[in-house]
Every structure is written in C-alpha cells, then in structure tokens.
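Please read the structure below before turning to the comments.
Any read-out appearing in this document is the output of simple, stated calculations on the displayed coordinates, not a laboratory observation. On a predicted model such as this, the values are computed, not experimentally measured, just so you know. Reconstructed Cβ throughout: ideal geometry from the backbone, glycine too, with neighbour counts over all protein chains shown.
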Amino acid sequence: MRKFILPLIASLAVATPALANDARVEVRGGAIWSNGTTEDTYGVAAGYDFDLGAATFAGVEVSGDKIATTGTKVAYGVTGRLGIKAATGTKVFAAGGYSTEPCTGCETSWHAGAGVEQNVSGPFYVKAEYRHYFTGNLAPDSDALVAGVGIKF
C-alpha cells in the first residue's frame, strides 16, 4: 500500500503547479459615474477560472459592491468572464453579467466590460476593470472603473 500511496502523492505534488484553474477572492474600489455625477464604490468578489486551453480561460464570479453615498445598498452580482492569458501571470478578459439594484427604487441592471489581471507575488494579484451598467426603463446607464487586490487558491 505504501508503495502505491507515496508515488501517487509525489506525482500530484509535481503535477499541481501545472494546473491553472484557480479560485480567487478580492477586494476592490474605484469610481462609478452616471448622469454627470461621480461617486466612490467599493466591494468584494469571489470567483473561479477554468482553463479552456493553453492560452484561454473562462470564469464565473459573485460579488457585492456598494456605492459610498447615503441611500445606497450592496448590489449583488453574478458575472461570467472569458479571456486570454496574454503573458506569464497576465489575464485579459471580457466580462458580463447581472447586478441587483444599488438603492431602493433603483433598477437592476445587466453589465458588460473588460479588464486585466496581473499576478504580483505568489498567489497575490492586482486587477483593473471597466464595467458599463445597462439599466433600462429610461433610467440612466452608469459606468464604473475599479482596481482590486486579491489572492488565488
């Protein structure tokens, strides 16, 4: 039994770094603007990316973001990502999904955008992302630009 288990554990330890599928959590902050008004925003996200090949990936993310002004609440979101591994430790992606309303009486929205994620040291990364929120019902759309710091597992 020992002759079987030890080589299996050793092979898994050697093979694991080659896998690029990874779970991640991050904190982020930035600005959101709409109809001539700009506000600070901050949030958290957790996601998982799946390799589609040597140079492409797809992922899913759940998030909670808050506009830093009175009368707002946390907007929860679900987002899909599709991208390329542009260089060692660099991911460039397009994203799209759905967000709940950021305030009472506000509208839910679909969002689309793009971003870049860069590994900085070990499992840590930094990220910048732009999103456009499609509100509908004659409510003004909004745009957000955020930067984040996270860790991969």
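With a cut-off of 9 Å between beta carbons, the residues surrounding T72 carry a summed charge of +1, where Lys and Arg count +1 and Asp and Glu -1. For the pair H132 and T108, label points projected 7 Å from Cα toward Cβ lie 2.2 nm apart. Phi-derived couplings, Karplus 6.51 cos²θ - 1.76 cosθ + 1.60 at θ = phi - 60°, listed residue by residue for segment 112-126: 9, x, 8, x, 9, 10, 10, 5, 10, 6, x, x, 8, 9, 10 Hz, with x used for Gly and Pro. Taking the helices alone, the chain has a mean residue ellipticity at 222 nm of -3000 deg cm²/dmol, built from -39,500 (n - 2.57) per DSSP H run of at least 4 residues and averaged over all its residues. Positive end of the dipole of the chain (Cβ unit charges, origin at the Cα centre): among V44, G59, A94, the Cα lying farthest that way belongs to G59. Residue by residue, segment 44-52 carries 3J(HN,Hα) couplings of 9, 8, 9, x, 9, 10, 10, 5, 9 Hz when phi is fed to the Karplus relation 6.51 cos²θ - 1.76 cosθ + 1.60 (θ = phi - 60°); x denotes Gly or Pro. Amide hydrogen proximity for E107: with H placed 1.01 Å from N in the peptide plane, no residue at 5 or more positions away or on another chain lies under 5 Å.
Charge dipole (Cα centre; +1 on Lys/Arg Cβ, -1 on Asp/Glu Cβ; no other charges) of segment 20-152 amounts to roughly 280 debye.
Taking the square roots of 5 times each eigenvalue of the Cα gyration tensor of the chain, largest first, gives ellipsoid semi-axes of 36, 15, 14 Å. Once the Cα atoms are used to define both axes, helix 2-15 deviates from the longest principal axis of the chain by about 40 degrees. Computed from backbone phi, the HN-Hα couplings of segment 30-39 come to x, 10, 10, 9, 6, 6, x, 10, 10, 10 Hz, rounded to whole numbers (Karplus: 6.51 cos²θ - 1.76 cosθ + 1.60, θ = phi - 60°; Gly and Pro given as x).
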